[in-house]
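This report refers to the structure that appears directly beneath it.
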Amino acid sequence: MKINRFKGTDMRDTMRLVRVALGPDAVILETNRDDDGVEIAAAVDFNPVEYRRLQESGQHIPRFADRTVDDRPAPGEALDDPEPVVTPEVQRIEAEVENIRYLLEAQLARLVWDDNARRSPAQAGIMRNLAKLGIEPDVVSGLLHRMSADGETDSGWAVALKYLAEALVTSEEDPICRGGRFALVGPTGVGKTTTIAKLAACYAMRHGRDGIAFVTTDGYKIAAREQLETFGGILDAPVYEATDSNSLGTVLRGLSDKSLVLIDTAGMGQKDVRLARQLGCLSHADADIEVLLTLPANAQSESMQEIVSAFSVAHPSGCVLTKIDEAASLGGALSTLIRCGLPLAYVTNGQRVPEDLHFAHPRRAWLVKSAVESLNRREQTVNDEFMAQHFGEIFANECA
């Protein structure tokens with residue numbers, strides 16, 4: 001055990017000496033104050049039995065030499081405070097302070113919301129209705145900003161819905177009509193294979209069956225290959241399998257006489273470690289493949305955003321929104337589509353082939369109308385506390 005005494009002008013200065021000499025593991029044994037400053041006895045590898053023996057024997061404890069001029073802090077230099085000791089009592093106080101802070105923030109947000117709602121009741125009503133639809137706060141902020149710039153803030157709910165529909169980015173032309181090579185990507189269970197059948201059937205109705213071919217890269221599920229072969233048999237279209245980028249490139253080169261080639265990929269979760277390899281098969285196939293991301297409308301907004309981020313490595317040129325008929329709310333889907341700006345090519349609202357596939361561009365108002373109808377079925381309500389917490393700051397900024 002090593003014990004030293006340290007003398008400084010005040011407690012902070014003396015603690016600085018202890019820290020420099022003995023490090024952060026030093027144990028404070030004694031503290032004395034006099035007219036000259038503060039003296040501290042400290043030790044490392046503290047042994048209470050040996051310390052008691054030194055005290056009883058009257059043995060001298062050496063004093064650590066004063067620091068040289070070079071060691072002393074420069075004028076204005078801050079001295080390190082001693083490490084705080086976090087006790088259960090300190091933790092309890094910190095938790096109480098955090099709760100008080102949360103309550104104060106909630107109270108201030110409610111005051112801001114109530115004040116602005118009184119001054120701009122029309123805007124408050126628009127925000128409340130958008131919140132009922134499930135539209136995310138950042139998307140609401142963007143809509144209100146555009147409405148405000150056009151002087152339409154007080155125009156009412158119908159105008160807000162028009163702006164919501166116009167905020168959806170859609171493909172200007174029907175991609176399948178011009179033909180090409182299309183790959184549908186997305187997580188498991190979003191309806192990629194069924195959507196491919198719908199796209200093929202739509203094309204066959206307009207251009208005939210002879211130019212259609214299917215390719216599957218799904219080597220994980222036998223049922224997926226069988227389902228695709230069933231559709232191929234109905235349309236009298238061949239079905240091929242590719243397991244990697246090389247075989248996919250070979251298959252596609254052999255289908256140069258086909259005007260429409262639809263590629264069905266393996267369904268994988270956005271966190272699946274195999275996802276990058278599966279999507280890499282498309283980008284390294286040495287072929288002109290247009291990728292469409294398949295998004296399920298019945299997923300939560302956070303999950304949809306994760307899907308968009310995970311599959312962005314495939315560089316999709318557009319997306320397909322499926323399962324509209326199964327979604328309790330379309331707010332999350334609309335928010336994700338508006339936020340990511342990925343052109344919406346098609347929407348599907350059932351299993352019928354091809355009746356339940358729709359080109360999205362002329363259906364934007366219909367999609368928003370479907371969101372409102374789902375709201376009416378759910379009779380969703382939001383209280384002022386919810387609005388204050390999620391939209392109070394946005395409201396204050398827009399009304400400023």
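The values are calculated or read from the model by the stated rules, or taken from the named source; none is laboratory data. In this text the structure is predicted, and so the values were computed from the model without any measurement. Here the Cβ positions follow ideal geometry from the backbone for every residue, glycine too, while neighbour counts run over all protein chains shown.
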* Asked: Is it the case that Ala328 is in contact with a strand residue (DSSP E or B) (Cβ under 7 Å, 6 or more places away or on another chain) and assigned by TED's automatic domain parsing to the domain that holds Met304?
  -> no
* Structure fact -> Contact list, first residue from region 115-128 and without any contact (Cβ under 8 Å) to a residue 24 or more places away in the chain and assigned by TED's automatic domain parsing to the domain that holds Met147, second anywhere and surrounded by 20 or more Cβ atoms within 10 Å (Cβ to Cβ) and of a type outside the set (Phe, Trp, Tyr), beta-carbon distance below 9 Å, six or more apart or interchain, is Arg118/Ala124
* To do: Would you point out the residue of region 151-175, among those that are modelled with pLDDT of 85 or more and in a loop (DSSP other than H, G, I, E, B), that is surrounded by the most Cβ atoms within 10 Å (Cβ to Cβ)?
  => Leu168
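Identify, from the list Glu105, Glu96, the residue that is surrounded by 10 or more Cβ atoms within 10 Å (Cβ to Cβ), outside the structural domain of Phe6 (by TED's automatic domain parsing), among the acidic types (Asp, Glu) and modelled with pLDDT under 80. Talk me through it step by step, then tell me what you get.
Working: Glu96 fails: modelled with pLDDT under 80.
One residue alone meets the criteria, Glu105.
Have a look at Ser374, Ser301, Ser329, Ser335 and point out the one that is polar (S, T, N, Q), surrounded by 17 or more Cβ atoms within 10 Å (Cβ to Cβ), at pLDDT 90 or above and in contact with a Ser or Thr (Cβ under 8 Å, 6 or more places away or on another chain). So that I can check it myself, show each step before the final result.
Values: Ser374 fails: at pLDDT 90 or above; Ser301 fails: at pLDDT 90 or above; Ser329 fails: at pLDDT 90 or above.
Within the list Ser374, Ser301, Ser329, Ser335, the selection yields Ser335.
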* Asked: Regarding Glu306, is this residue part of a loop (DSSP other than H, G, I, E, B), among the acidic types (Asp, Glu) and more than 16 Å from Val372 (Cβ to Cβ)?
  -> no
* Which of the residues that make up region 138-182 are among the hydrophobic types (A, V, I, L, M, F, W, C) and without any contact (Cβ under 8 Å) to a residue 60 or more places away in the chain? -> Leu143, Met147, Ala149, Trp157, Ala158, Val159, Ala160, Cys177
* Name the strands (runs of 3 or more DSSP E) wholly inside region 1-45 in which the number of residues that are loosely packed, with under 14 Cβ neighbours inside 10 Å and not polar (S, T, N, Q) is 1 or more. => 2-8, 27-34
* Out of (1) modelled with pLDDT of 90 or more; (2) touching a Leu at 6+ places or on another chain (Cβ under 7 Å), the odd one out for Ala287 is which? -> (1)
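Restricting to region 246-280, give me the number of residues that are in a loop (DSSP other than H, G, I, E, B), surrounded by fewer than 17 Cβ atoms within 10 Å (Cβ to Cβ), at pLDDT 80 or above and among the polar types (S, T, N, Q). Before the answer, list the steps.
To start, the set of residues in region 246-280 that are in a loop (DSSP other than H, G, I, E, B) comprises 255-259, 265-274.
Filter once more, keeping what is surrounded by fewer than 17 Cβ atoms within 10 Å (Cβ to Cβ): 256-257, 259, 269-274.
Pick out the ones that are also at pLDDT 80 or above and you get 256-257, 259.
With among the polar types (S, T, N, Q) added as a condition, the list becomes 256, 259.
Qualifying residue count, region 246-280: 2.
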* Residues of region 201-215 that turn out to be aliphatic (A, V, I, L, M), touching a Pro at 6+ places or on another chain (Cβ under 8 Å) and without any contact (Cβ under 8 Å) to a residue 60 or more places away in the chain, as a count -> 1
* Could you list, in sequence order, the residues of region 183-195 that are surrounded by 21 or more Cβ atoms within 10 Å (Cβ to Cβ) and either under 22 Å from Ser245 (Cα atoms) or touching a Cys at 6+ places or on another chain (Cβ under 6 Å) (or both)? -> Ala183, Leu184, Val185, Gly186, Pro187, Lys192, Thr193
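What residue, among those in region 230-245 that are assigned to a loop (DSSP other than H, G, I, E, B) and more than 34 Å from the chain's Cα centre (by Cα), is surrounded by the most Cβ atoms within 10 Å (Cβ to Cβ)?
Just the residues of region 230-245 that are assigned to a loop (DSSP other than H, G, I, E, B), to begin with: 236-238, 242-244.
Filter once more, so that each one left must be more than 34 Å from the chain's Cα centre (by Cα): 236-238.
Working: Asp236: 10, Ala237: 23, Pro238: 13.
Of everything passing the filter in region 230-245, Ala237 is surrounded by the most Cβ atoms within 10 Å (Cβ to Cβ).
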